[in-house]
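Some notes on the structure that comes next.
The values are calculated or read from the model by the stated rules, or taken from the named source; none is laboratory data. Fair warning: this is a prediction, and the values are worked out from it, not measured in the lab. Glycine gets a Cβ as well: all are built from the backbone with ideal geometry, and neighbour counts include every protein chain shown. Ligands, DNA and RNA are excluded from the accessible area calculation, which covers all protein heavy atoms including side chains. Shrake-Rupley method; radii C 1.70, N 1.55, O 1.52, S 1.80 Å.
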Amino acid sequence: MDRFESMQVFTTVVELGSFTAAANAFKLSPAMVSKHISSLEQRLGVSLLSRTTRRLHVTEIGKNYYEYCKQIIKQLEEAEAGTEIMRGSPKGNLKVSASIWFGAITLAPIVCDYLTSHPEVNIDLTLSDRFVDIIDEGFDLAIRIGDLEDSSYIAKKLSMFELSICASPAYLAKNGTPYQPEDLQTHQCLGFTNWRSHSGWKLLQKQSIGKHPLPSRFDSNNGQALLAAALKGIGIIMMPKVLMTEHLEKGTLVEVLKEFTPAPRPVNAVYPKEKQATKKLTSFVDFLAAALRPD
């Protein structure tokens with residue numbers, strides 16, 4: 001059994017806290033993960049992990065070995081990255097994070113085009129509306145919409161996302177059309193909970209409304225759920241216009257407060273400063289920038 005692969009599996013078990021999670025990460029069976037760990041323990045003659053039916057505990061020796069493994073894996077990755085740069089050909093695996101709707105609607109088709117033109121690169125695209133930790137969760141790159149606060153990352157601006165405030169005709173017929181931001185105090189403003197402090201409503205409040213909270217009977221951490229609520233007449237929604245274009249064209253959503261909509265938000269490709277800019281990473285970011293550039 002390959003020792004380096006076993007070290008990678010071991011470090012992943014420690015970081016994720018379970019054999020099952022590590023198995024999913026490597027697309028292995030839990031039994032195969034167990035074989036990797038047993039192989040290391042037999043070779044070293046020590047116990048690295050203490051396993052019970054309820055929890056996994058890393059032994060003191062296991063903790064020390066984990067730190068050594070991390071250093072070895074990092075050094076090998078850096079060596080391979082250096083070789084890749086010298087060779088000049090994008091190759092290897094990229095783990096990318098993006099929000100669910102942007103990733104599914106906008107990013108996925110671009111990823112497919114990139115894979116077609118770069119046959120030696122593999123991409124693991126994880127879509128989540130949760131704000132992921134790029135380093136701790138092992139991502140090479142994250143696509144983030146909105147102003148960035150963390151200067152510890154390198155960011156490349158890819159595009160701008162225009163926001164839009166919309167409601168269904170049925171909602172407006174029942175509740176009236178808001179013409180000033182202050183009118184929203186008597187309406188239901190659908191809220192995106194994952195980025196509540198950076199949401200479009202917060203931007204609008206800073207510009208026009210003040211600190212008074214906006215009413216909302218329905219909040220969600222998922223944009224698709226909020227759009228469904230808007231289409232059902234539950235409230236007014238604010239989200240990137242490109243995600244609602246189809247409904248605006250059909251008339252199932254109507255724009256309101258156009259002149260008060262917050263300024264377009266930047267779309268950035270973000271990656272850690274300490275991560276070497278390999279050909280696979282830089283070529284993918286450049287490809288995204290070209291694909292998302294306005295005509």
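Ranking Tyr171, Pro109, Ser152 by Cα position along the charge dipole of the range 107-180, where only Lys, Arg, Asp and Glu carry charges on their C-beta atoms, puts Tyr171 farthest toward the positive end. Rounded to the nearest 10 Å², what accessible area does Arg3 show when all protein chains are kept and the probe is 1.4 Å? Estimated to the nearest 10 Å², Arg3 gives 130 Å². Sequence-distant contacts, meaning Cα pairs under 8 Å at least 6 residues apart, place the relative contact order of the chain at 22 percent. Charging the Cβ of each Asp and Glu at -1 and of each Lys and Arg at +1, and nothing else, the dipole of the chain about its Cα centre rounds to 480 debye. Database remark: amide H of Cys189 closer than 5 angstrom to the amide H of Ser216, Arg217, Ile236 (H placed geometrically; neighbours at sequence offset of 5 or more, or on other chains; Pro and chain starts carry no H). What part of the accessible area of the chain, given as a whole %, is carbon or sulfur when the probe is 1.4 angstrom? Summing carbon and sulfur atoms, their accessible area is 52 percent of the total for the chain. Semi-axes of the equivalent ellipsoid of the range 1-130 are 32, 20, 12 Å, computed as sqrt(5λ) over the eigenvalues of the C-alpha gyration tensor in descending order. Scanning residues 5 or more positions from Asp124 or on other chains, those with amide H under 5 Å from its amide H are Leu94, Lys95, Val96, with H placed 1.01 Å from N in the peptide plane. DSSP assigns beta bridges within the chain; of those with both partners inside it, close to 65 percent run antiparallel. Within the chain, the whole DSSP H helices whose Cα atoms reach 24 Å or more along their own axis and whose mean Kyte-Doolittle score is at least -1.0 are 60-87. Put +1 on the Cβ of each Lys and Arg and -1 on the Cβ of each Asp and Glu in the chain; which of Trp201, Ser220, Thr278 then has its Cα farthest toward the positive end of the dipole? The listed residue farthest towards the positive side: Ser220. Exposure check, 1.4 Å probe, all protein chains in place: Glu162 carries approximately 100 Å² of accessible surface. Between Arg51 and Met160, the simple spin-label model (points 7 angstrom out along Cα→Cβ) gives 5.5 nm. Rounded to the nearest 0.05, what FRET efficiency do Arg293 and Cys112 have when you use their Cβ-Cβ distance and R0 = 25 Å? According to the calculation, E is roughly 0.85. Quick one: grab the alpha carbon gyration tensor of the range 215-271, order the square roots of its eigenvalues as a ≥ b ≥ c, and give me rounded if a/c is under 1.5, else prolate or oblate depending on whether a/b is larger than b/c. It comes out prolate by the Cα gyration axes.
Pairs of alpha carbons in the range 1-59 separated by more than 18 Å make up 22% of all such pairs. A value for volume of the Cα convex hull per residue in Å³ was derived from the coordinates, and within the list [x] 122; [y] 131; [z] 174 it appears as [z].
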